[in-house]
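Visitor: Structure incoming, see below.
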């Protein structure tokens, strides 16, 4: 199963699984002040490894799907995407959650 995320309409990343070593896990759990810089560096490394590129065809497919689940808006409505988190169970079959604001009110769409 592949996982995708969008926080900007039309822009997608693939969320990749990052395996941590026991040493990396211990570093993240450390409360020692001397480990702060190493923890920050490790978090940045994890973030970089976690975010993969999405092929243009898949990004187009995800955007089309997103447009279909996005709340229907009237002309006077304001809309803000918070996050669309999509899992592809099999080719073209999606599940997940859309978090957004419509007129400042938080909405969730589960699919």
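Visitor: Just give me the residues in segment 99-110 being under 17 Å from residue 7 (Cα atoms) and not in a strand (DSSP E or B), in sequence order.
Guide: Matches in segment 99-110: 104 only.
Visitor: Could you check segment 20-68 and list, in sequence order, the residues that are in a helix (DSSP H, G or I), touching a residue at least 40 places away in the same chain (Cβ under 8 Å) and in contact with a strand residue (DSSP E or B) (Cβ under 6 Å, 6 or more places away or on another chain)?
Guide: 59, 62, 66, listed by residue number.
Visitor: Let me spell it out: the conditions are (1) exposed (fewer than 13 other Cβ atoms within 10 Å of the Cβ); (2) under 22 Å from the mean Cα position of the chain (by Cα); (3) in a helix (DSSP H, G or I), and residue 17 meets all of them except one. Which number is the exception?
Guide: (3)
Visitor: Filter segment 48-98 down to the residues that are under 17 Å from the mean Cα position of the chain (by Cα), farther than 15 Å from residue 6 by Cα and exposed (fewer than 12 other Cβ atoms within 10 Å of the Cβ) and list them by number.
Guide: Of everything in segment 48-98, those that are under 17 Å from the mean Cα position of the chain (by Cα), farther than 15 Å from residue 6 by Cα and exposed (fewer than 12 other Cβ atoms within 10 Å of the Cβ) turn out to be 48, 89.
Visitor: Which condition number does residue 1 fail, the rest of (1) under 25 Å from residue 108 (Cβ atoms); (2) loosely packed, with under 10 Cβ neighbours inside 10 Å; (3) free of Cβ contacts under 8 Å to residues at least 40 places away in the same chain being met?
Guide: (3)
Visitor: Pick from segment 69-85 the residues that are part of a strand (DSSP E or B) and free of Cβ contacts under 8 Å to residues at least 24 places away in the same chain: which of them is farthest from residue 18 (Cα to Cα)?
Guide: Among them, the one singled out is 79.
Each reported figure results from applying straightforward, stated rules to the coordinates on display, with no laboratory input. Bear in mind that the values here come from a model prediction, so they are computed numbers and not experimental data. Glycine also receives a Cβ, built like all others from the backbone with ideal geometry; neighbour counts cover every protein chain displayed.
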